[in-house]
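Here's the structure we're looking at; comments come further down.
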Amino acid sequence: MSSLQTRKLTLCQALTFVLLLLAPVGLTSSHSSWVSVWHPSGEASSGHLARTRRQQHFKNEWATWSGWSVCSRSCGGGASVRKRTCITRNPVGGPCTGDPRQYKICNTKDCPPSSEDFREMQCAAFNDRPFVAGSSFKWTTFHGGSNPCELSCLALGHNFYYNFGRVLDGTACDKEPGGLCVNGRCLKPGCDSILGSKQQKDACMVCGGQNTTCLHHKSVYQSNGVEAGGPFGYNEVAMIPAGATHIRVTDNSRNYLALQNGRSQFVINGNWKISIPGEYNVAGTKLLYRRSADTWESFEVPGPTQEDLHLMVLATDSNLGIEYEYWLPPGQYAIHHGRRSPLRQAHHTANYLPWDQHTTTTRPPPVTTRPHWWHCGKCRRVKGRRERQRQYCQKDFVFRARVLGKLYRGEETRYDVQIIHTYRNSFRLEHREFLWVPNVCDCPHLEEGKQYILMVRRHINYEHTLNRILLEEESYVVPYRPREDELLRPLERLCSNRGPKQPAELMGQV
């Protein structure tokens, strides 16, 4: 073979080798025969597989998001965008999954009342511009267009409209409440403020949560006859604690649901006046009240509520069942539906010795009538501005409560009360507590079913066998009324929960 032929063969071999290097992945089974001419031992095939494995190890992935752009509007709800690029690490792998752009809602505060409508402003931008054959028009919004994200404008004084293309990002979608137009598409924001997101708040008001950070409470209130309040009287069904979320109440009777806020002010169906269905403000959130033409009615409160709510019923007939449910954080749930109060002690003997749990001695039955041997005089009445202020600052507890029951135990009276509102507490209170009065003379006088403002102290005896709330005869106790509530609230600033102030401080502020 001549040297010229040898050089040609060598050049041909070199070109083939270069082609193999440039396209190792594109080889198919049909190439294997002529690849083996150069590598009879199969080294080229094994090298190709190794390179393929290395390429598969590196997947295409997104780079980090860019920063958010300036909001498209200064008020009324605009749109901001951020971008990301797909980093190609493997030319054989597929593209990155997902969207290279993301939009979020921004500047959601309402625009001033005098502001021009955003869509109207976009139409007005084309006023007096040459349109057809040199003619010009003044334009206003046309709401009959087929695409809510197109700028359809009506020529004033004429019966035609024109589509000027896409509206600006952040323009409200006319046919989708809460939706905004971005890049020609109508998108609604999720709870994460991302437009087009499917994220929603769970029952605990956690965005994208799984109802794991709160607990569910559901109950049914029933009565077999006319309520205790009598015909056209109000009766309390339940107290819904502050912090509740996703409150839902339904009724299917001739009675009417009613609701009071933490200040005993009616929100719906109060003062024997039936409210119209609709939306109402309550406890820092909204209430949606519904009522059908027959007997069905309901209301829903998304929450979280900022104060206790009192579910009432305006009774006109027997009640087949008022269903109510809500969600509470674990701590709140434990207070109202879980733990037993450490202050809610059982009765002890007159010398305050604890009962021996390991003996066969049984506790005496509760006494429901006043002992005949006890001689009672006239109860002392404690009232007045100075007494109210003094006891508010010095007592351990100041709260509003409803009396649920009364028992005479030995030489004492025990009241079972429902705590409705706490003004001041030096120690933790539960939803239900016992009040102990060291006499059986009904002093102070409390009636079952009624609400009172009480200023009381915590009592721990010398042996530390008792830890309870003591209602003494000289305690400040008055029936609850809105005026009393108004007089108490300013005292919170005077006597904080950090403890009572010294007498000298009080005298300086009287």
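Filtering the range 388-422 to residues that are closer than 20 Å to residue 342 by Cα and of a type in the set (Ser, Thr, Tyr) leaves 413, 415, 422. As a summary of the residue check, residue 92 satisfies the conditions (1) among the β-branched types (Val, Ile, Thr); (2) assigned to a loop (DSSP other than H, G, I, E, B); (3) surrounded by 12 or more Cβ atoms within 10 Å (Cβ to Cβ) except for the one numbered (3). Return yes when residue 290 is assigned to a loop (DSSP other than H, G, I, E, B) and in contact with an Asp or Glu (Cβ under 9 Å, 6 or more places away or on another chain) and no when it is not. Taking the combined requirement at face value, the residue does not satisfy it.
Filter the range 252-279 down to the residues that are in contact with a Ser or Thr (Cβ under 7 Å, 6 or more places away or on another chain) and at pLDDT 90 or above and list them by number. Passing the criteria: 268, 269.
Looking only at the range 65-76, decide whether some residue is more than 19 Å from residue 182 (Cβ to Cβ) and in a loop (DSSP other than H, G, I, E, B). Within the range 65-76 (the criterion being more than 19 Å from residue 182 (Cβ to Cβ) and in a loop (DSSP other than H, G, I, E, B)), the answer is no, since none of the residues qualifies.
Residues in the range 291-321 that are free of Cβ contacts under 8 Å to residues at least 24 places away in the same chain and not small (Gly, Ala, Ser) were compared, and the one that is surrounded by the fewest Cβ atoms within 10 Å (Cβ to Cβ) is 294.
Pick out the one residue from 58, 131, 142 that is modelled with pLDDT of 90 or more and surrounded by 12 or more Cβ atoms within 10 Å (Cβ to Cβ).
After applying the criteria, what remains is 142.
For residue 483, indicate whether it is surrounded by fewer than 19 Cβ atoms within 10 Å (Cβ to Cβ) and of a type in the set (D, E, K, R). Here the answer is yes, as residue 483 does meet what is asked.
Table: residues versus (1) free of Cβ contacts under 8 Å to residues at least 60 places away in the same chain; (2) in contact with a Gly (Cβ under 6 Å, 6 or more places away or on another chain); (3) under 25 Å from residue 238 (Cβ atoms); (4) surrounded by fewer than 19 Cβ atoms within 10 Å (Cβ to Cβ).
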{"position": "407", "(1), (2), (3), (4)": "yes, no, yes, yes"}
{"position": "410", "(1), (2), (3), (4)": "no, no, no, yes"}
{"position": "413", "(1), (2), (3), (4)": "yes, no, no, no"}
{"position": "425", "(1), (2), (3), (4)": "no, no, yes, yes"}
{"position": "438", "(1), (2), (3), (4)": "yes, no, no, yes"}
{"position": "443", "(1), (2), (3), (4)": "no, no, no, no"}
{"position": "446", "(1), (2), (3), (4)": "yes, no, yes, no"}
{"position": "452", "(1), (2), (3), (4)": "yes, no, yes, no"}
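Just so you know, in the range 115-128 the residues that are aliphatic (A, V, I, L, M) and not in a loop (DSSP other than H, G, I, E, B) include one that is most open to solvent (accessible area, probe 1.4 Å), and it is 121. Applying a threshold of 6 Å to beta carbon distances and a minimum spacing of six or more residues, or different chains, the list of pairs starting in the range 195-224 at a residue that is without any contact (Cβ under 8 Å) to a residue 40 or more places away in the chain and among the polar types (S, T, N, Q) and ending at one that is open to solvent by 40 Å² or more (accessible area, probe 1.4 Å) and outside any loop (DSSP other than H, G, I, E, B) reads 199/207. Do we find a residue being of a type in the set (D, E, K, R) and within 28 Å of the chain's Cα centre (by Cα) anywhere in the range 184-191? Checked against the condition, which is being of a type in the set (D, E, K, R) and within 28 Å of the chain's Cα centre (by Cα), the range 184-191 yields at least one hit. For the range 68-89, a residue qualifies if it is open to solvent by 70 Å² or more (accessible area, probe 1.4 Å) and among the aliphatic types (A, V, I, L, M), and exactly one does: 70. Picking from residues in the range 322-334 that are open to solvent by 40 Å² or more (accessible area, probe 1.4 Å) and assigned to a helix (DSSP H, G or I), the one that is modelled with the highest pLDDT is 330. Looking at the range 232-284, which of its residues are surrounded by fewer than 18 Cβ atoms within 10 Å (Cβ to Cβ), in contact (Cβ under 8 Å) with a residue 60 or more places away in the chain and assigned to a strand (DSSP E or B)? Within the range 232-284, 233, 238, 248, 250, 252 meet the criteria.
What tally of residues in the range 408-457 results from selecting those that are at positive phi and modelled with pLDDT under 90? Spell out the reasoning first.
Narrowing the range 408-457 to residues at positive phi: 410, 442, 449.
From what is left, the residues that are modelled with pLDDT under 90 are 410, 449.
Residues flagged as at positive phi and modelled with pLDDT under 90 within the range 408-457 amount to 2.
Report, by residue number, each residue of the range 375-405 that is more than 21 Å from residue 460 (Cα to Cα) and open to solvent by less than 10 Å² (accessible area, probe 1.4 Å).
To start, the set of residues in the range 375-405 that are more than 21 Å from residue 460 (Cα to Cα) comprises 375-390, 400-405.
Residues satisfying the conditions are 400, 401, 403.
Restricting attention to the range 209-224, which residues are assigned to a loop (DSSP other than H, G, I, E, B) and open to solvent by less than 30 Å² (accessible area, probe 1.4 Å)? Let's see the steps before the verdict.
Of all residues in the range 209-224, those assigned to a loop (DSSP other than H, G, I, E, B) come to 209-214, 224.
Residues satisfying the conditions are 209, 214.
If you check residue 133 against the conditions, is it aliphatic (A, V, I, L, M) and farther than 28 Å from residue 102 by Cα? Outline the logic, then answer.
Working: aliphatic (A, V, I, L, M): yes; farther than 28 Å from residue 102 by Cα: yes.
For residue 133, the condition - aliphatic (A, V, I, L, M) and farther than 28 Å from residue 102 by Cα - is met.
The values are calculated or read from the model by the stated rules, or taken from the named source; none is laboratory data. Predicted model only: the values in this text are computed from it and were never measured. No Cβ is skipped: glycine too gets one built from the backbone with ideal geometry, and neighbour counts run over all protein chains shown. We work out accessible area using only protein heavy atoms, side chains counted, and drop any ligands, DNA or RNA first. Shrake-Rupley method; radii C 1.70, N 1.55, O 1.52, S 1.80 Å.
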